[in-house]
Each structure stands twice: as structure tokens, then as C-alpha cells.
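Asker: Once you've had a glance at the structure underneath, I'll fire off some questions.
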Amino acid sequence: MPTRDTSTEAGTPDVQTGEKSIATIATLRVGVKLYVYHENSKEHRLAEILSIQTRKGTPHYYVHYEEFNKRLDEWVPPTRLDLTKEVEWPRPDRPAKKPEKVAKASTPRETPTSATGRAQKRPRRGDSLGPGTPTLAQKSSNKKSRTSALADDDLVVQSETVGDVGTPEDEEVDEEPAETDPKAAAAARAASAKQNGTSGTPETFSKEHEIEKLRTSGSMTQSAHEISRVRNLSKLQIGKYEVEPWYFSPYPVEYTEEEIVFICEFCLSYFGEEKRFQRHRTKCTLLHPPGNEIYRDSTVSFFEIDGRRQRTWCRNLCLLSKCFLDHKTLYYDVDPFLFYIMTTRDEYGCHMIGYFSKEKESAEGYNVACILTLPQFQRHGYGKLLIAFSYELSKREGKLGSPEKPLSDLGLLGYRAYWQDTIVDLLLNNKGLETTIDELASMSAMTTQDVIHTLQNLNMLRYFKGQHVICLTDAILNQKQKQIEKQKIKGKRTLDPELIQWKPPVFTAANRTWNW
Amino acid sequence: MTRSGAGNRFRTRKLSTKQSLAVLRENQIDSVDDDAQRNIPQIETGVERGEEIEHHLQAAISASQAAAVGAKVTQIFIPTPNTTEITVTNYETLYPKRFSQPASYIRFSSTVEDCSGTGYCMSAEDEKFLEKMNATKRPGGQQCKVEEFERIMDLFESIALEKQPYMSIDMSTVMLYDEMAAHFGDALSSELVKIAAVVYSHWKEQRVARGGNPIIPILKFEQGQDKDDGDPYVCFRRREVRQVRKTRRTDAQSTEKLKKLRQEFDSARNLVRDVLNRECMRKTIFQVEYGIFESRRQIIGVKRKNGIRGDDEDLINHKPKKRPVDQSAPPIIRVPIRHDGKPPETELRQLVTVKAEKEKQRADKFQALKSSRRVPKHGFIDLTDQVFSDSTVVPRGPDTNFCGVQTYYLPSPPPSCEGNGAGLFDLPEEPSVSAPIPVLQVSSKSPPSRDVPAFRRRRGRGGRIIVDRRGHGIPRDDDLDDIILDRMKHSEEDGDYSPVFVRSSNSDSHIQYRARMLSPPPEPPVNPPQHMRRPVLPSLGGMQPGAPAVFLATAAAAQQAMGLAGYKLGQHPGPQQPQQQQFNASLPPLANRAPVHAQVRR
């Protein structure tokens, strides 16, 4: 643990662009990059300060570690900052931005705008919440710092206890967020990168331009705001589990003050106060997702839910899943989507494990918009089941499908694992000695691009005697062998397509579009 | 993988999805040409660029790639924040075991709102208040149950949301209880209304503490303000409604539809207005009648009083007027009228029968006329073979269209002719005619010889009357230059070439022609009996008998071997005679001794 280092000289109060110099606690501000101790990797890593709050007189810093996913961002006390090394000061104006991680934007302290002045003078207010922050947000953060300091400390402690997640529990990583048009996300990122750390300048820069991009680029786009860079909820209680959210989610801003947000396991309604939640539970009669069951086997059921008919439920679902999906956007309403919910059953009801959403009509031929296994059920092989189900539906529709891009890191890994499994199985079961990529695609409902991607990724596409061949490498076969052995012990989650009771829903033009 | 030098450099083909690929094991392949990979398109991972470089993802990817190559690697997981299974001590109470799985797949369509009862959920603070309220209540008063409390609060909240949605902006005027109560409707029983009055203060307190916002926080939806766009807490925006593509056609169509609709509404309105008028008039009729009746009654009274005796029929309308019943009679259903005027039930007539009938009528008339004419004919000698010939039966050569006429001059239509529908030669019998002279219309079966001048009247465009003339054509001009004639013969190729005829107006033939035109008519070839003659109608005297006809023989006409010439007689505005039939009627001879060959055909 690095000790807090206040010995350094008076710092550089008048900071220059992108400069490096020694800083003090007092001179630290949003946008500064410095080395922070990361407990899990037990090392100091370069991190950027995204927000500063003062609790019990000590400032706390919300930091984003470079080259780490945002979900590992956390609040750290000053003791974890390494001020013995030089820090990198943010640039005053924003020249060609490196996307997202390396956000240099900030307003230099000297900027005589009233907003900056305020941020400077009253650091107790959540600085990062500054620009364009709705008054409520400021109010709440204000309140927070005054009234619930204790709770906030708890919060910090929690976020620090990033347990050793490296323990391989089960076969695959499964949680695959995926969605939003890349353009939109990029725009959002650019926006947030730009806005980041500017505690005072509201709605500056080409925000209008970016918003326009968000709007025009189609399906659910991401909210372009630096507020959304800071995780806003502390903890969720869903059924039997307490879960730390990974990302920002636009639950009512009041709930950011709550230590725990209670989420009803069945209707997914959210409550900030336990008493209210308990009262709700006495009244709520839902025991499963409010739609039609379209698949049932010994362990799981799938429910199909129309975003237009179950608006409240689907909104609740999206708010929840936004906590775990970086690229998900709640910009637009849920009407044009169908939601497929995977549940396990017991005598309490049907507990949601994960879900994927799907556009009622996808122009780009996507068969999945967002896909998520709730964190408490990750690494149990459910993700692969979800993916498999999405492809089963595509098979029923007679279409080739692919998940909407961008994929998240976990999403990519999950999909790659599924693709590898599927392709290798198809090749092993292929009686003939030849096949085509089209054939593989039509048998798996994967797009030909995904098939090629998989083959290529597994180093299976070779060039031999003047033509391309598919090579089942020894390594692949070994992997397969191991997997089979493992499944013998642990069992394998599979789908039985026979048990699907589903016909592709047909929507009239009126239903499909987003009228209300 | 060995790179096989510059040895086998085959041009590698591009990877096609349709191409058949052999599935081989690694031991079946000895050498691999790495360059082949170049022709396979590199496909993006689909992960955001900025995130692709993330440490944990890269580690996982390289691990899996190493595994694909056969290296021994431990599987790498991407670290995620904590989730802990907590021992929710009251899980059982929160989530009672009440799910029993139905045998068939669940079908369900109720919404969250349907399933979660009263929207308002009591908070701990509410609970305290409720306990206090129940404790301080007069013992006789009803205790307020939690459900009732929530119902009241829910009602307050929903009324406030509806009636004062912007309370958070202006906190000075929170709805008063009385205003609230006005909107209760019958949502609350009278007992609860009493309680509600007490709860109101608590509600107001809570609401004010929340800054006028709903007590239970709600999602932030778009407010239609600009800053909505940048606010990350604003979610679930409405989609922009897709603009329907507008085309001129759809525009025109909808305009037409609207117009039609408008017209229909107008006519409906007019109909209603007319009905109203009618009924108003009927009402006045009744009133007037009533007035009349009353007056009569009074008259009777007066009569009785004054002892005037008379009939007591005053009360009755003597002449039963036509009652307006006629007007109010049920509207006559109009059956569409057939164009032939028959009731619609009768069978449609076929064209064949109509024609046959007409033919028969015509034949009958012909017979009747024939027989009727036979009588006055007894005194005459009929020189014609057949007086009444059936025009449709009689074969007519081209020449039969011409009637032999000999005239001194070309007649211009008499003034009396104008406008009275009579043809040029069909002069009406005028009273000034001294005596009706029986004239037998003669039509010679054998066409008049060519030598006899004959005329045919035609009507041209614009009502021009054209008289074709035959028989007194310009005699062949022997003076015509042989060369010119020869030129004419060979000039067929040159259509534009118009031959020039050298003509002297003093040539013999012209003098001869003019002499004949001006001379008294020669003896007709068929000498009609004297009684067929007819004097010149005095009415014709208005015309200058000697007026020379405008001679408009054109060179082209002269060319015609037939010798037809066109005489332009000027406009003849008189209406045409519609019937195309023979004029067997008598024609007034134009000249005293002119025999009339009256096969005039228009």
C-alpha cells in the first residue's frame, strides 16, 4: 500500500497542457492521470480520475484504470494514489482526442467561468457530475456528501473488494453484452471523452452534433454524457443476491443516494427503501416474466415478451441490464424489441437468469440486440444456452443471424466459444469429407462472415495443394476432447429444439413501428 | 508453419463461401502456404476499437489463440465486480413459495401494473405516521389499514400528477385538500374520505420534502426540452414517427377524398335542413289551421248569440283542400328510366327486331302512300315506270344521283329558304302560289344522258352548298397545246407541277358555253306533258333571274374528265334536313318550262 504522499512540493497550481509533474492531493482534479494501486492485480496502474467526492473531509476519487474495462472503475481513498510519480495533467483544450480511455479533456483551473470556479471552491460537490448536470443530480450528490458520508465510505470499501474473480469456476465466461450501432457508441464515447472532467461548461462542444448522430444511427443509442461514465448505483439486491452494478444506469436519480436498491425479482420494479420494497412484495403477484413460455426443459424456461405490450416490465429489465452492459442504451423506448427471458424454476417462481433482446425487424439481419446473463449466474454455462437459443430462433425463421455490434469483451468471448463449439461439432459430424462455408452457415444459422471469422480465428482455414481446406487441428480436437470429459463430470447444458413452441411472430406495419 | 520459399507460387484464389472445402486433419497437411491467409478477409472482432486493447480481453484472446495452436494455457477469465449470494433472512417472507408449474407452457399477458396492486408502497416514515394516526384516533373511529392508507396516498399522487403536474416548478401552491377531494370521485368510501383528510397533511409534508416531485421517484422522461438530449437520466424516449412518404398521387388522392367527404357532408346537411324546413312549414300549417278552426268556432258562437241561422258547416273545410299529405307522402322511389322509355321490367329489345320493325313500318308507309297516290293519278299519264321506287331496292348507278336540270341561271337560295329547314330545291308551298299544280315527281329509271346538263347539290363543310354540274362541262379544248397535254401525261412523277392551260375567254367553246347558259333552255329530252309544267313561282321574283352564277371552275375541276365543277353558292345557314330520303315531293321548277327531274339527293 502506498502511503499517502504529501511530501511533494507545492505541486503545480497553474497546470499546463498534458504536462507531467508532481501533484499533491490538493491539486488533483478530474482528468488527471496518475498511478493508483489496484488491489486485485496488486500493482500500481495508470488511472484517470473521473470524479472526486469528499467524504468525512477526505476526498475520494473515482478512477478508471487504463486498459481495464470500465467495470473495474472504482472509488479509491487518497491512500491508494501514488503521488511519488509524476501525474499527467489534462489538456486544457481538446485536440484530436484519443477515444474514450485517454480522455484529456478538462477545464483548466484558471478558466474564469463561474462553473469551474464553483467546482473549485466547493469540491464537496461531485465535481464530475458537473457539466450539464441536472440540478437534481447536483442536489443529490450534495446531499449525499453531507448526510450519508458513512454510507459512502461503505460504498468505497465495497468497490475496493473486487474479489479474486480469476478463479475459473466453470467452462466459459458467459455474459455477452452486445448492442448499439458502433457509430452511436463511438459518438457517445467521443462525447463523454470530450466532456469528461469539464466540471463547469455545460452543453458545450458539438454535443448537438453528437446527439444528432445518436438519433439518426438507429436503434438504441447511448446516452452521451460524462455523468454516465461514473457508476451511479452502489448495490442492487435482486432476489437472493446482492450485486454490484458495473456501469451507469438511468434509474431515478434519487436512488443513487441509496445504499441498496431493491429490485423485485419478478416484476423487476426498483425500490430505494426496504419498507416500500417489502410492501410491494406483499402485493406483487407476478411469478414469472409476463409473457408466453416458448421453451421448457428440465432446468430452464424461455419466455417471449413484446416490448410494446409489456412496456413497464421491459423498461425495468433494460434499466437493470444497463447496470451490466456498457454499450446498451436506453435512449429510446422498448417498443420495437422482443425480449427472450431465460429462467430457472423452483417453487418460488421463475427466476430470471439472463435474457436477450431482438429487434422485431432488423435491417441489418441481427438476431440479437442485447444479451446478458445476470452477474450472479455468470460462468455457469447459461450464456452459451442463451446464444444457442437465439440461433435456434433464427433457424426457425430460416434466417442467418449475428449479434448486433459492438460486442463487449465478455460478449466476444462468449460468442467465440459458442461459434467454435458449433463449427467444430458440425465438422466432426460431417460425414462427407467436404463442405462449404455456406453449408456451415445454413446449418448453424450463423452468418458466413461469422463462420469464416471462427475458422480463421481457430487457425483452421489453410491453403493446401492450391486450394483452401478446412483443417481440424490437433489442438482443436484436444480441446474438444477435454471439453467432452469435463462435460461428462459436470454435465452439459443443451437445448432441445423440439421443445420450442414458437412461430416467428408477424407484426403489422403499425405494430412494428414505434407508435403508441 | 513453413514458408515454402519462392517454390510453389500458385496464385491463390479468393475464398468463396460457395467453394467446396475439404475437411482434413492436421496430419493430412504437410506444408502450409502462409500466404493463403492473405486472401481470406480479415474480419473484425466486433468489439469496440478502444476496448479491444483492454488488458483482460487481450489476455483472454491470446490465451484462446494459444490454445487453438495447441499451447498449454490456463483459461483466463475477465474479472468482474462482485456478486454475493446473501442470506436474505427474510427471503421466504419476501418471496413466498407459491409457484406451481402448469402442465402446459405458460401463456400470460397481464402487465406489471395489473399484478402489483396499489402503486403506492408505504415507507417506514409512512408507517410511523400511520401508527401515530391510528393511536391518536378517537376510539370509536375506524382504524386505517395499511392498504387503505396506500390507496389514499396513491389517489393523492395520481390526482396531483394529473392536475398539478408541474408542482415541482412552483411549490407555492400545493393543491389544497378541498381541491383534492373534488377529484376523489367514488374512489374512496365515506369512511376513507374522513381518513384521507387526515392523511392529506402527511402527504403534503412528504411531497414538499420531495420538492414537489412524486413521493416515489419515477423515471425521467423527456420533457420536450433541449437539455433532455444530453441528460443521461432521461430514458425511453419516444421514437420519431416515421414520415410517410408523400407523393403527388397520394396528395391528389387524399384531396379528392376530402372533397368528396365534404360534398357528402354538405348534401347530408342540406337534406337535414330541408327536412327541418318542411317540418317547420307543417307546423305553421297546423297552427294556421288551428287558428282558422278557432275563429270559426268563435263565429259559431257569435252566430248563435246573435241568432243568425245558417248552416253549421262553417267548421268544416268546404273544399277539401289538397292536404299536404301529398307532400309528406312517402318519397317516390325512382326507378332508373330506361333510355327507350319502357318500364325496366320489360325485356330489352334487340337491335334486330327494332330494325325489322322499322323496315316493316317503312314498307307499310310506302304501300299506303302508293295506294293513296294511285287515286289522284287516274287523270294522268304516268310516264314513269314506277312512281314510287324503293330507294333501297332500286339499284343506283353513280349517275342516278344527278338530276337533269336545265336552267338559265344558277339559283342562289331564295330568302324564304333560309332558316326554314327546306332544302334548296325544296321550296315550301307558299300562299302566294296561285294554284297548286299537281306535279308528278319523275324519276327516270334510265339515267339522263350525259349530254343533258345535270346538277347535284351537296353540302360541304361549314354549310357550304356545292352544286356539282355535269353535262355542260367545258368541251374538250382542241386548241390545247399538244405539248402541254403531253406534259400532263408524263407529269405524274412531279406532283407539284400544275399544268398551265392557255385559255382564251373568247374561245369558241367558252362563248358556246356562255351562250348556252344564258339562252333559254332547250327542249328537254323527255318532254313532260304540259300539265306537269309549272310556272315560275312569283316568290322567286326576288332573285335576279339573270344574275350570272359565280363561276368558280378551277383548273383542277377542268382536269376532271367527268367535267365536274364546283359552284360555290355561298353559305347556306339553313338547317339540314335530317332524313336522308328521296325527295319525291314536287319541286318548284325554276324555270317556266323546266321539267323537273327531281332526284335530288343531298
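The values are calculated or read from the model by the stated rules, or taken from the named source; none is laboratory data. In this text the structure is predicted, and so the values were computed from the model without any measurement. Here the Cβ positions follow ideal geometry from the backbone for every residue, glycine too, while neighbour counts run over all protein chains shown.
Asker: Checking the conditions here, which among B:187, B:181 is part of a helix (DSSP H, G or I), at negative phi and either among the small types (Gly, Ala, Ser) or loosely packed, with under 14 Cβ neighbours inside 10 Å (or both)? Step through it out loud before you land on a result.
Answerer: Working: B:187 fails: part of a helix (DSSP H, G or I).
Just one listed residue meets the conditions, B:181.
Asker: Residue by residue through the stretch A:369-408, note down the ones that are touching a Pro at 6+ places or on another chain (Cβ under 9 Å), within 10 Å of chain B (Cβ to nearest Cβ) and within 27 Å of residue B:82 (Cβ to Cβ).
Answerer: Residues satisfying the conditions are A:375, A:379, A:406, A:407, A:408.
Asker: Could you check the stretch A:26-69 and list, in sequence order, the residues that are of a type in the set (Phe, Trp, Tyr) and in contact (Cβ under 8 Å) with a residue 60 or more places away in the chain?
Answerer: A:62
Asker: Of the residues B:63, B:68, which single one is closer than 30 Å to residue A:455 by Cβ, of a type outside the set (Val, Ile, Thr), surrounded by 15 or more Cβ atoms within 10 Å (Cβ to Cβ) and facing another protein chain (nearest Cβ under 7 Å)? Step through it out loud before you land on a result.
Answerer: Working: B:63 fails: facing another protein chain (nearest Cβ under 7 Å).
B:68 is the lone residue from the list that is closer than 30 Å to residue A:455 by Cβ, of a type outside the set (Val, Ile, Thr), surrounded by 15 or more Cβ atoms within 10 Å (Cβ to Cβ) and facing another protein chain (nearest Cβ under 7 Å).
Asker: Would you check if there is a residue in the stretch A:30-37 being buried (at least 17 other Cβ atoms within 10 Å of the Cβ) and modelled with pLDDT under 50? Step through it out loud before you land on a result.
Answerer: Taking the stretch A:30-37 and keeping what is buried (at least 17 other Cβ atoms within 10 Å of the Cβ), we get A:30-37.
Now drop any that are not modelled with pLDDT under 50, which leaves none.
Scanning the stretch A:30-37 turns up no residue that is buried (at least 17 other Cβ atoms within 10 Å of the Cβ) and modelled with pLDDT under 50.
Asker: Here's something else I'd like to know. How about the stretch A:328-368: which of its residues are of a type in the set (Ser, Thr, Tyr), touching a Pro at 6+ places or on another chain (Cβ under 9 Å), within 12 Å of chain B (Cβ to nearest Cβ) and farther than 23 Å from residue B:98 by Cα?
Answerer: Start the filter on the stretch A:328-368 by keeping residues that are of a type in the set (Ser, Thr, Tyr), which leaves A:329, A:331-332, A:340, A:343-344, A:348, A:355, A:357, A:362, A:366.
Next, from what is left, pick out any that are touching a Pro at 6+ places or on another chain (Cβ under 9 Å): A:343, A:348, A:355, A:366.
Within this subset, residues satisfying the condition of being within 12 Å of chain B (Cβ to nearest Cβ) are A:343, A:348, A:366.
Passing the criteria: only A:366.
Asker: A follow-up question, please. Please determine, by comparing only the residues of the stretch A:357-406 that are acidic (Asp, Glu) and assigned to a loop (DSSP other than H, G, I, E, B), which one is farthest from residue A:334 (Cα to Cα).
Answerer: Looking at residues that are acidic (Asp, Glu) and assigned to a loop (DSSP other than H, G, I, E, B), I get A:364.
Asker: Could you grab me the full set of residues in the stretch A:273-326 that are within 22 Å of the chain's Cα centre (by Cα), part of a loop (DSSP other than H, G, I, E, B) and either under 30 Å from residue A:499 (Cβ atoms) or facing another protein chain (nearest Cβ under 7 Å) (or both)?
Answerer: Within the stretch A:273-326, A:307, A:324, A:325 meet the criteria.
Asker: Sticking with this structure for a sec: In the stretch B:71-99, which residues are charged (D, E, K, R) and either within 7 Å of another protein chain (Cβ to nearest Cβ) or part of a loop (DSSP other than H, G, I, E, B) (or both)?
Answerer: Hits for the stretch B:71-99 are B:72, B:85, B:97, B:98.
Asker: Residue B:206: surrounded by 15 or more Cβ atoms within 10 Å (Cβ to Cβ) and of a type in the set (S, T, N, Q), yes or no?
Answerer: On the way: surrounded by 15 or more Cβ atoms within 10 Å (Cβ to Cβ): yes; of a type in the set (S, T, N, Q): yes.
Criteria met by residue B:206.
Asker: Same structure again: Can you pull out every residue in the stretch B:46-88 that is under 60 Å from the mean Cα position of the chain (by Cα) and of a type in the set (Gly, Ala, Ser)? Can you show your working first?
Answerer: Narrowing the stretch B:46-88 to residues under 60 Å from the mean Cα position of the chain (by Cα): B:46-48.
Selection gives B:46 alone.
Asker: Restricting to the stretch B:29-54, count the residues that are modelled with pLDDT of 80 or more, over 21 Å from residue A:452 (Cβ atoms) and surrounded by fewer than 17 Cβ atoms within 10 Å (Cβ to Cβ).
Answerer: Residues in the stretch B:29-54 being modelled with pLDDT of 80 or more, over 21 Å from residue A:452 (Cβ atoms) and surrounded by fewer than 17 Cβ atoms within 10 Å (Cβ to Cβ): 1 in total.
Asker: Quick check on the stretch A:253-261. Is at least one of its residues part of a loop (DSSP other than H, G, I, E, B), of a type outside the set (Val, Ile, Thr) and at the interface with chain B (Cβ under 7 Å from one of its Cβ atoms)?
Answerer: Within the stretch A:253-261, the first condition is being part of a loop (DSSP other than H, G, I, E, B), and the residues that meet it are A:258-260.
Narrowing further to those that are of a type outside the set (Val, Ile, Thr): A:258-259.
Add one more test, that the residue is at the interface with chain B (Cβ under 7 Å from one of its Cβ atoms), and what stays is none.
Within the stretch A:253-261, not a single residue is part of a loop (DSSP other than H, G, I, E, B), of a type outside the set (Val, Ile, Thr) and at the interface with chain B (Cβ under 7 Å from one of its Cβ atoms).
Asker: Any chance the stretch A:413-421 includes a residue that's within 23 Å of residue A:301 (Cα to Cα), modelled with pLDDT under 95 and among the aliphatic types (A, V, I, L, M)?
Answerer: yes
Asker: Of all residues being buried (at least 23 other Cβ atoms within 10 Å of the Cβ) and polar (S, T, N, Q) in the stretch A:311-342, which is nearest to residue A:361 (Cα to Cα)? Just the residue, please.
Answerer: Checked the stretch A:311-342; the qualifying residue nearest to residue A:361 (Cα to Cα) is A:329.
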